[in-house]
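Accompanying notes for the structure given below.
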Amino acid sequence: YAYFNGKPRWAPAKLLTYAINPKHVISYVSSSDIETIFHRAFSRWSAVIPVNFTKARDYSSADIKIGFYKGDHGDGEPFDGVLGVLAHAFSPENGRFHLDAEESWAVDFESDKSKVAVDLDSVATHEIGHLLGLAHSSVKDAVMYPSLSPRTKKVDLQMDDVAGVQALYGSNPNFKFSSLQSENSYNH
Amino acid sequence: RILPDPAVTVITATANVSHNATWHDFTKFLDAGKGSQVVGMSELKKYFSRFGYLPVPEKTNFTDVFDKQLESALTLYQSRLSLPVTGKLDPETISAITSPRCGVSDAPQQQHTPAKLHATRR
């Protein structure tokens, strides 16, 4: 695992709020599906660290601001269309989380047959790692590895991801490494 | 049984899809080596610069020459992405470069490696 320079983290970080920009969404995935996916992605991280994520009452006050943007969207890191760069997020305590609106975001590969479909859940889980302070990992199986192939799902936090984020925030008292190991064995 | 490397599988799975045009063009650099000059190599240098492997040149633009700096960037890239470190644009490296990825740079990091265990004779 790796951190951004200066090892930034949210402090205090017991409760962080998030919201999806209502003006920058995708129309072909229902808002309830998107909310479910982000809730699930945040839950993966809160299961291992003593940080809770909750949906903000309004977008402007959220700690973490999520949106789907196309091309140049004003942060100096323009998106590039289908595939290429999929998303980016900023280190603590910035909170910006941007996804390329031109990707073919998928919530279910069974129903989405596109060859360029990208798993929203996997990308969300990866970018939340950045929001929490993790940089890219060299471990190929880790969620924080920088690339993700189309039609691939990589959502289960690996030892490397967990060790990295717990070094920043400590461990969730209910988390057991043994549960992670058995889950990973099952995945393999 | 030896399972195929997932990164290699990526090539097969995505070879016929409409990749991001700029990155997909990088396949033409396959097997290019130090000293070679291929039109568009400067785009590959921009890629490495964007993701933190090459500094942005101060005075001139990137050239199309596979120079020492590009070789160093390539080696660093292969090392950071746990690819075989060959210093060459081999198929596995080209596959990794053309794969969709996160836009966050790989560079500004503090690397952490697991502490080594030391044995003590008793």
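Some notes on this structure:
- Ranked by how many other Cβ atoms sit within 10 Å of their own Cβ, fewest first, the residues B:Thr27, A:Thr125, B:Thr60 fall in the order B:Thr60, B:Thr27, A:Thr125.
- Taking every DSSP helix (H) stretch of at least 4 residues in the protein assembly as shown, weighting each as -39,500 (n - 2.57) and dividing the sum by the residue count yields a mean residue ellipticity at 222 nm of -9000 deg cm²/dmol.
- Residue order for B:Leu70, A:Leu168, fewest other beta carbons within 10 angstrom first, comes to A:Leu168, B:Leu70.
- Rounded to the nearest 20 debye, the dipole size of the protein assembly as shown about its Cα centre is 1000 debye, using +1 on the Cβ of Lys and Arg and -1 on the Cβ of Asp and Glu.
- Neighbour-count ranking [beta-carbon atoms within 10 angstrom, fewest first] of B:Lys59, A:Lys154: B:Lys59, A:Lys154
- Choice from A:His24, A:His73, A:His136 showing the highest fluctuation, given a GNM over chain A with Cα pairs closer than 10 Å: A:His73
- Added length on full extension, which subtracts the Cα-Cα distance from 0.36 nm per residue, A:Arg96 to A:Asp58: 12.2 nm
- Annotation: extensible slack from A:Asn5 through A:Ala163 equals 55.1 nm (criterion: 0.36 nm per residue apart, minus Cα-Cα distance).
Values quoted throughout were computed directly from the atomic coordinates according to the rules given, and no laboratory measurement underlies them. Predicted model, so just to flag it, every value in this text is computed and none were measured. Cβ sites come from the backbone with ideal geometry, for glycine too, and all protein chains shown count toward neighbours.
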